[in-house]
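Engineer: Could you have a look at this structure, given as structure tokens, before my questions?
The values are calculated or read from the model by the stated rules, or taken from the named source; none is laboratory data. Since the structure is predicted, the reported quantities are computational estimates derived from the model, not experimental observations. A quick note on method: Cβ atoms are made from the backbone with ideal geometry, for glycine too, and the neighbour counts reach across all protein chains shown. SASA here: full protein model, heavy atoms, side chains in, ligands and nucleic acids out. Shrake-Rupley method; radii C 1.70, N 1.55, O 1.52, S 1.80 Å.
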Amino acid sequence: MHDPYVSAHELSLTREHDEIGLVTTCGPVPRLSRTPIRVGRPAPKPGSDAPEILSEIGLGDHLEALIEAGVVRVDGVAAG
């Protein structure tokens, strides 16, 4: 992941993650000659985007009930 060739060709990327700081991950793999590569953000902590997603599908006002019922978690997943 830290080989100079790999870094130079963006086969691995080091980016800031909101929860844990700097992380090194695989870069975007599909590379097409006329399509520029667009690097997204690192994957968020599981559940951290639940309020946004529920709002998009019209269930934003049910968030608290879904959390209480154990259907949705917004505190991530415990390791192990």
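Engineer: Go through Gly60, Gly21 for me and flag whichever is open to solvent by less than 60 Å² (accessible area, probe 1.4 Å), in contact with a Pro (Cβ under 7 Å, 6 or more places away or on another chain), of a type outside the set (A, V, I, L, M) and without any contact (Cβ under 8 Å) to a residue 24 or more places away in the chain.
Structural biologist: Only one candidate qualifies: Gly60.
Engineer: When only residues in the stretch 1-18 that are surrounded by 12 or more Cβ atoms within 10 Å (Cβ to Cβ) and of a type in the set (A, V, I, L, M) count, which is farthest from Val74 (Cα to Cα)?
Structural biologist: That would be Val6.
Engineer: Then there's this: With respect to Leu32, is the statement that it is hydrophobic (A, V, I, L, M, F, W, C) and surrounded by 12 or more Cβ atoms within 10 Å (Cβ to Cβ) true?
Structural biologist: The answer is no for Leu32.
Engineer: Looking at Ala43 and the list (1) surrounded by 10 or more Cβ atoms within 10 Å (Cβ to Cβ); (2) touching a residue at least 12 places away in the same chain (Cβ under 8 Å); (3) not basic (Lys, Arg), which single condition is not satisfied?
Structural biologist: Status for Ala43: all satisfied but (2).
Engineer: Something else: Scan the stretch 1-27 residue by residue and report those that are more than 18 Å from the chain's Cα centre (by Cα) and either aliphatic (A, V, I, L, M) or at pLDDT 85 or above (or both).
Structural biologist: Met1, Asp3, Pro4, Tyr5, Val6, Ala8
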